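This report refers to the structure that appears directly beneath it.
The values are calculated or read from the model by the stated rules, or taken from the named source; none is laboratory data. Given the structure is predicted, the values throughout are model-derived calculations rather than measurements. Cβ placement follows ideal geometry from the backbone for every residue including glycine, while neighbour counts extend to all protein chains displayed.
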């Protein structure tokens, strides 16, 4: 019997915690890689602490995902998610221009949001300067 596949989309707070929780639960149940795998898909190798995205330089607060995931046996794939087919349990990804699919038994959809700096509204001055969170296109 092939191992169950847990795929987590997104390496933000929800995705990272979901992948770690899945790995911990499998370990507590005594289920190794032959019984189940956990894979996290993220567009880059980093976890950024989202609540600090108002800062212009985030390099000091970025965490390399592999430093957190690899010790507990979670695989990381650096790719953009292009498609989710819930009927066939497949996720389409673009990995450096190469498109392929990942099969899953369980899926965590935690792709998050994207910060858009809006500047100031016309005629309102600096008091209206702000940011808003949007979902990626």
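Annotation note: Cβ proximity below 6 Å between a residue of the stretch 84-108 that is free of Cβ contacts under 8 Å to residues at least 12 places away in the same chain and at negative phi and a residue that is surrounded by fewer than 15 Cβ atoms within 10 Å (Cβ to Cβ) and not in a strand (DSSP E or B) (sequence gap 6+ or interchain) occurs for no pair.
Return yes when residue 17 is surrounded by 13 or more Cβ atoms within 10 Å (Cβ to Cβ), over 13 Å from residue 74 (Cβ atoms) and free of Cβ contacts under 8 Å to residues at least 40 places away in the same chain and no when it is not. When the stated conditions are applied, residue 17 does not pass them. Of the residues making up the stretch 20-52, not one is closer than 12 Å to residue 112 by Cβ, at pLDDT 95 or above and surrounded by fewer than 19 Cβ atoms within 10 Å (Cβ to Cβ).
Can you say whether residue 111 is under 23 Å from residue 4 (Cβ atoms) and either exposed (fewer than 11 other Cβ atoms within 10 Å of the Cβ) or modelled with pLDDT of 95 or more (or both), as far as the supplied structure shows? In short, no.
Residues checked against (1) modelled with pLDDT under 95; (2) in contact with a helix residue (DSSP H, G or I) (Cβ under 9 Å, 6 or more places away or on another chain); (3) in a strand (DSSP E or B):
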{"residue": "82", "(1), (2), (3)": "no, no, yes"}
{"residue": "91", "(1), (2), (3)": "no, no, yes"}
{"residue": "99", "(1), (2), (3)": "no, no, yes"}
{"residue": "131", "(1), (2), (3)": "yes, no, yes"}
{"residue": "137", "(1), (2), (3)": "yes, no, no"}
